[in-house]
Amino acid sequence: MDSAGTRSVINGRKNPTKRILIKNGKVVNDDLEFFADILVEDGIISAVGPQLELPANTTNTEVINAEGKLVIPGGVDPHVHFQLPFMGTCSIDDFYSGTVAAVAGGTTTIIDFAIPTKGQSLLDAYKQWRQWADEKVVCDYSLHVAVTWWKEALKDEMKLLTEVHGVNSFKMFMAYKDVFQLDDADMIHVFDCCKNIGAIAQVHAENGDMVAENVRRLLAAGICGPEGHEQSRPEEVEAEATNRAIMIANQTNCPLYVVHVMSKSAAMSVADARRKGCVVFGEPIAAGLATDGRNYYHTCWRHAAAHVLSPPLRPDPSTPEFLMNLLANGDLQTTGTDHCTFSSEQKAMGKNDFSKIPNGVNGVEERMSLLWEKGVRTGKLDHCKFVAVTSTNAAKIFNIYPQKGRIQVGSDADLVVWDPDGSKTISTKTHHAAVDFNIFDGMHVHGVPRDVITGGRIVVRDGQLLPLQKGTGKFVPTLPYSPYVYSRIHQRDKIPKWVKVDRDSDPTSRVRHLSGGSKAEGHKPLLRGLSDYVDG
Ligand code: URP
Ligand code: ZN
Ligand code: ZN
């Protein structure tokens, strides 16, 4: 207590709260929940155990009573776009308001995307994003890098980014024709390169050529409103691209992460591929799990346009629950938000042409509570699974585990005292993002963060966001060859890939019939579609 009788907390990278003792809570990891106290020192978890006591004469310690509450790892949102230059404007939540909104909702690590323009060096884009983020973030962050064009020399940049700059994932856009879209031949190069440097390939899966043609036809037919956005990119356009990306991943033996899985059929493509043994991961987002594409048919233009993102929300109202069920049973693995917000004024750039409405919605602040409401309260996710899909799985895939996504000695002190019974009504008026529309406005959700600690700094106390200093978060490098992803890939590399048949060299010789088949003994390529023929 300070002289005014309030608890004093020093926020800031250089002065994290020296010690924090969280008492009487129930600790939840992805595999276990148990009652324990947690001691935090200098930004790291230094002890986890029953009835921890502070040494005598200890000063500068804040004690948080978590009785009746859960203590969970801070959320990891693997998909956001803060201050993204896109579609002739720039997304309105920058790295400050975006990360403030994140921590307000219980997310303490975000992963953004450095997206070069066509022809721009990947390294330059990365440095630009680092500069934007470093000066503003209030929680830790990592970066994916997008490959939006291709030439051989980019292999060296990807290698450098992975080996030196802490980037282990590269995203390809199969849509946004003439802007970010790659064709199949270039994608194969990027997948091959990812594989060679121990990185993860990511895709935005939509058939961009089909979308472009549909846009042309819809506008010609006089459909210019936001409903045209949804109709130009129907489910099968997403599913086809998802299947194509999975095929390329399988052929190149490269791990694949499908961002923003928005439809039943795309989700089933991921689930089916996993059941066949492919190393593929799927990420539904908060918007797709909590609302649907009927919003595009709302008669208020502003409302409909606010929901425009790609791939779009699906008009089938049973889609969100379907995606949640796949998340619950492990067919899908993580939850992102694709938080990429544009004000109503920015959205109005597409007033007369839906294809000019900047694509993107909010979610970074709401994701954790929406997952609790729609996943845990419905009996689909238990506490451990909630932690798995909101932090641990993403941390494992992108190789920042157990630094992130786990409560154990040595892990970063990114912690949330979670009130499972607390509730709130989501509102544009009270949210912390800069955007002037919240697609979840009016939803009543249970499960809220009561206290949030990021890097050993208390940023939310008793449900109240504290004043936050820009630049107090740090960049977290993601290292290549994530064991969670690559152990199976490495093993598969040991299995012969191609089959050569030894035959006599005279093409005119008499046809011989083999009796009982051993045409290619010992060569049974896995997952390449040849095994049926080889076994004859
Ligand atoms: O509509 C979206 N998703 N906007 C952000 C860019 C992207 O495609 O992820
Ligand atoms: Zn995308
Ligand atoms: Zn995105």
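Annotation note: Cβ proximity below 7 Å between a residue of region 334-363 that is among the aromatic types (Phe, Trp, Tyr) and a residue that is within 15 Å of ligand 2 (Cβ to nearest atom) and at pLDDT 95 or above (sequence gap 6+ or interchain) occurs for 342/91; 342/358; 342/360; 354/229. Any residue at all in region 50-59 that's under 22 Å from residue 137 (Cα atoms) and either crowded, with 19+ Cβ neighbours inside 10 Å or of a type outside the set (Lys, Arg) (or both)? No, the conditions are met nowhere in region 50-59. Just to be sure before I move on: is residue 197 under 23 Å from the mean Cα position of the chain (by Cα), surrounded by fewer than 17 Cβ atoms within 10 Å (Cβ to Cβ) and under 22 Å from residue 489 (Cβ atoms) in the structure I sent? No, not satisfied. Residues of region 62-78 that are among the acidic types (Asp, Glu) and surrounded by fewer than 24 Cβ atoms within 10 Å (Cβ to Cβ): 62, 67.
Would region 363-375 turn up any residue that is modelled with pLDDT of 95 or more, over 19 Å from the mean Cα position of the chain (by Cα) and of a type in the set (S, T, N, Q)?
Narrowing region 363-375 to residues modelled with pLDDT of 95 or more: 363-375.
Next, only the ones that are over 19 Å from the mean Cα position of the chain (by Cα) stay: 373.
Now drop any that are not of a type in the set (S, T, N, Q), which leaves none.
No: region 363-375 contains no residue that is modelled with pLDDT of 95 or more, over 19 Å from the mean Cα position of the chain (by Cα) and of a type in the set (S, T, N, Q).
Considering only residues in region 79-95 that are surrounded by fewer than 20 Cβ atoms within 10 Å (Cβ to Cβ) and closer than 12 Å to residue 359 by Cβ, the one that is farthest from ligand 3 (Cβ to nearest atom) turns out to be 88.
Residues that are over 29 Å from residue 196 (Cβ atoms) and of a type outside the set (Lys, Arg) within region 240-278 comprise 262, 263, 265, 267, 268, listed in sequence order. Among the residues of region 376-422, the ones that are under 19 Å from the mean Cα position of the chain (by Cα), at positive phi and not polar (S, T, N, Q) come to 1 in all.
Residues of region 76-135 being part of a loop (DSSP other than H, G, I, E, B), in contact (Cβ under 8 Å) with a residue 40 or more places away in the chain, of a type outside the set (Val, Ile, Thr) and within 16 Å of ligand 1 (Cβ to nearest atom), which ones?
Within region 76-135, 78, 79, 81, 82, 83, 84, 87, 88, 91, 93, 94, 118 qualify.
Being of a type in the set (Gly, Ala, Ser), touching a helix residue (DSSP H, G or I) at 6+ places or on another chain (Cβ under 9 Å) and buried (at least 23 other Cβ atoms within 10 Å of the Cβ): is that true of residue 263 here? Yes. Scanning region 287-317 for residues being away from ligand 3 (no atom under 16 Å from the Cβ), outside any helix (DSSP H, G or I) and out of contact with any Lys or Arg (no Cβ under 8 Å at 6 or more places or on another chain) gives a total of 4. Among the residues of region 286-304, are any of a type outside the set (Phe, Trp, Tyr) and closer than 30 Å to residue 251 by Cα? So far as region 286-304 goes, yes, one or more of its residues are of a type outside the set (Phe, Trp, Tyr) and closer than 30 Å to residue 251 by Cα. The helices (runs of 4 or more DSSP H) located wholly in region 197-274 include none with 3 or more residues which are within 16 Å of ligand 1 (Cβ to nearest atom), of a type in the set (Ser, Thr, Tyr) and farther than 18 Å from residue 147 by Cβ. A single member of 359, 352 is within 16 Å of ligand 3 (Cβ to nearest atom), assigned to a loop (DSSP other than H, G, I, E, B), more than 14 Å from the chain's Cα centre (by Cα) and not hydrophobic (A, V, I, L, M, F, W, C), and it is 359. Out of the residues in region 365-381 meeting the condition of being in contact with an Asp or Glu (Cβ under 9 Å, 6 or more places away or on another chain) and assigned to a loop (DSSP other than H, G, I, E, B), tell me which one is surrounded by the fewest Cβ atoms within 10 Å (Cβ to Cβ). Among those residues, the one meeting the criterion is 378. Per the conditions (1) within 29 Å of residue 324 (Cα to Cα); (2) surrounded by fewer than 24 Cβ atoms within 10 Å (Cβ to Cβ); (3) more than 15 Å from ligand 1 (Cβ to nearest atom); (4) within 20 Å of the chain's Cα centre (by Cα), the sole criterion not satisfied by residue 166 is (1). Scanning region 105-128 for residues that are buried (at least 24 other Cβ atoms within 10 Å of the Cβ) and more than 16 Å from ligand 2 (Cβ to nearest atom) returns 105, 106, 107, 108, 109, 122.
The values are calculated or read from the model by the stated rules, or taken from the named source; none is laboratory data. Bear in mind the structure is a predicted one, so any value in this text is a computation, not a measurement. Using ideal geometry, Cβ is built from the backbone for each residue, glycine included, and neighbour counts are taken over all protein chains shown.
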